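Report on the following structure.
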Amino acid sequence: MIATPLLPTSVVGSHGLPGWVWLAREAMAAGRLGALDLRELTEDATQLALLDQERAGVDVLTTGEMGRVRFIIGFYDRLTGIRALEATRKLGQPLWDTNTPFEVIEKIGAPQGLGIVDEFRLARSLTGKRLKATVPGPSTLMVPLKLGGAYRDETTLLADLVTLVNAECRALVAAGADFIQIDEPHHGMYAGRVHDVTRGLNAAVAGIDAKIAVHVCFGNLYGRPFSAVRDYRNLFPVLGELAASQVVLEFANRGLEDAARFKEWPPHLELGAGVVDVKAFKAETAEDVAARIRALLGCVPADKLWLNPDCGFWETPRWIVKQKLAALVGGAQIVRRELGARDART
């Protein structure tokens, strides 16, 4: 396993899409690209995402998720047993209620997997740096699904989605993945169901021989959160139950007013702290990031703190993403030097 420095830097998942990828997606929708064109597009875009992360100095990379569509929507093309429904709203600005919903019409399945293994293998062939695989959680995959067919309750549907996610994680480990992040962004918003979400997540990673992280935020579709109330009070009761060694949370956009609560952070868990705001158009400076890190170090030991953006970058212009990555790494370097100087004085 590749060693990481104190205060390791990583990213949550997606990288900023270059303009030519947006153009290529229009060509895809028009049926103008063949299978070899798509393969070349995915490889070139993935290589670009990895190079941007490497050049910035990020310690643990992700694939960039360059072939995915709107976080999870692309996965439903790989699922059997569902059919697309009309969006409930089509006029005005796109937001959460303009996404395509799906109805389950028979037993759900993913005969060819979710495609994350191929994504990981490609990235693994293009970089020698440590790589984190990112997988949607079962409760997140259930969000746009409407019950139907053989499913009369969410419990049964969730159980089958757990099976799909577990199979994808097992295949990732077989492909060489040793670090897998499960994305359950709404985990903190399920006030009355947080234990159910946790049990589903734990079942999804059961038997997986890899470092497990769990990403929890409050949504970022079209640069906007899902919920007006954004704190992690619902998550704290289940932190000790999570079958994970790291929890990845957003802080930069929300602010650090509730940081004192994290003095209760379980000592066995690493905190992947969002210190870069993906919803803000303007890039932070390295000193901005360093100030956020210092505030978190008042609550979490340095050897348990990882640093990352609040969420994925796919909605952020790539030129700003590169600036934000530079600030992330620069802020970490500033605080590492400060901690080194402090240790030298003691």
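Applying the condition of being buried (at least 17 other Cβ atoms within 10 Å of the Cβ) and either at pLDDT below 85 or in contact with a strand residue (DSSP E or B) (Cβ under 9 Å, 6 or more places away or on another chain) (or both) to region 222-241 and asking which residue is nearest to residue 314 (Cα to Cα) yields 225. Test of understanding: among 168, 106, which residue is outside any loop (DSSP other than H, G, I, E, B), surrounded by fewer than 16 Cβ atoms within 10 Å (Cβ to Cβ) and touching a Gly at 6+ places or on another chain (Cβ under 6 Å)? Selected residue: 106, the only one of 168, 106 that is outside any loop (DSSP other than H, G, I, E, B), surrounded by fewer than 16 Cβ atoms within 10 Å (Cβ to Cβ) and touching a Gly at 6+ places or on another chain (Cβ under 6 Å).
Taken as a whole, region 304-311 holds at least one residue that is assigned to a loop (DSSP other than H, G, I, E, B), closer than 27 Å to residue 184 by Cβ and touching a residue at least 24 places away in the same chain (Cβ under 8 Å).
For the subset of region 266-288 comprising residues that are of a type in the set (A, V, I, L, M) and under 24 Å from residue 239 (Cβ atoms), which member is surrounded by the fewest Cβ atoms within 10 Å (Cβ to Cβ)?
The qualifying residue surrounded by the fewest Cβ atoms within 10 Å (Cβ to Cβ) is 269.
Taken over region 206-245, the criterion of being in a strand (DSSP E or B) and touching a helix residue (DSSP H, G or I) at 6+ places or on another chain (Cβ under 6 Å) is satisfied by 216, 221. Select from region 62-83 the residues that are in contact with a strand residue (DSSP E or B) (Cβ under 9 Å, 6 or more places away or on another chain), surrounded by fewer than 22 Cβ atoms within 10 Å (Cβ to Cβ) and of a type in the set (A, V, I, L, M) and list them in ascending order. Selection gives 72, 79, 82. Consider region 120-141 and keep the residues that are in a helix (DSSP H, G or I) and either within 30 Å of residue 155 (Cβ to Cβ) or of a type in the set (A, V, I, L, M, F, W, C) (or both). The one that is farthest from the chain's Cα centre (by Cα) is 126. Within region 264-303, the set of residues being touching an Asp or Glu at 6+ places or on another chain (Cβ under 7 Å) and part of a strand (DSSP E or B) comprises 274, 276. Taken together, the residues in region 68-88 that are touching a Leu at 6+ places or on another chain (Cβ under 8 Å) and either of a type in the set (S, T, N, Q) or outside any loop (DSSP other than H, G, I, E, B) (or both) amount to 3. Here residue 218 clears all of (1) of a type in the set (Phe, Trp, Tyr); (2) farther than 30 Å from residue 283 by Cα; (3) touching a Phe, Trp or Tyr at 6+ places or on another chain (Cβ under 8 Å) except the condition numbered (2).
For residue 135, the conditions (1) more than 30 Å from residue 3 (Cα to Cα); (2) in contact (Cβ under 8 Å) with a residue 24 or more places away in the chain; (3) of a type in the set (Val, Ile, Thr) all hold with the exception of (1). Of all residues in region 242-255, those that are surrounded by fewer than 18 Cβ atoms within 10 Å (Cβ to Cβ) and either of a type in the set (Val, Ile, Thr) or at pLDDT below 90 (or both) total 1.
The single condition from (1) out of contact with any His (no Cβ under 6 Å at 6 or more places or on another chain); (2) at pLDDT 95 or above; (3) on the phi < 0 side of the Ramachandran plot that residue 49 fails is (1).
Residue-by-condition table, conditions (1) within 24 Å of residue 124 (Cα to Cα); (2) β-branched (Val, Ile, Thr); (3) without any contact (Cβ under 8 Å) to a residue 24 or more places away in the chain; (4) buried (at least 17 other Cβ atoms within 10 Å of the Cβ):
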residue: 187; (1), (2), (3), (4): no, no, no, yes
residue: 193; (1), (2), (3), (4): no, no, yes, no
residue: 205; (1), (2), (3), (4): yes, yes, no, yes
residue: 210; (1), (2), (3), (4): yes, no, no, yes
residue: 217; (1), (2), (3), (4): no, no, no, yes
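Restricting 200, 240, 272 to those that are in contact (Cβ under 8 Å) with a residue 60 or more places away in the chain and within 19 Å of residue 304 (Cα to Cα) reduces the list to 272. Of all the residues in region 48-64, those that are under 15 Å from residue 120 (Cα atoms) and either among the small types (Gly, Ala, Ser) or touching a residue at least 40 places away in the same chain (Cβ under 8 Å) (or both) number 7. Considering region 16-40, the residues that are of a type outside the set (A, V, I, L, M) and assigned to a loop (DSSP other than H, G, I, E, B) include one that is surrounded by the most Cβ atoms within 10 Å (Cβ to Cβ), namely 16.
The values are calculated or read from the model by the stated rules, or taken from the named source; none is laboratory data. As the structure is a prediction and not an experimental result, all values here were calculated from the model. When we count neighbours, we look across all protein chains shown, and the Cβ atoms used for this are built from the backbone with ideal geometry, even at glycine.
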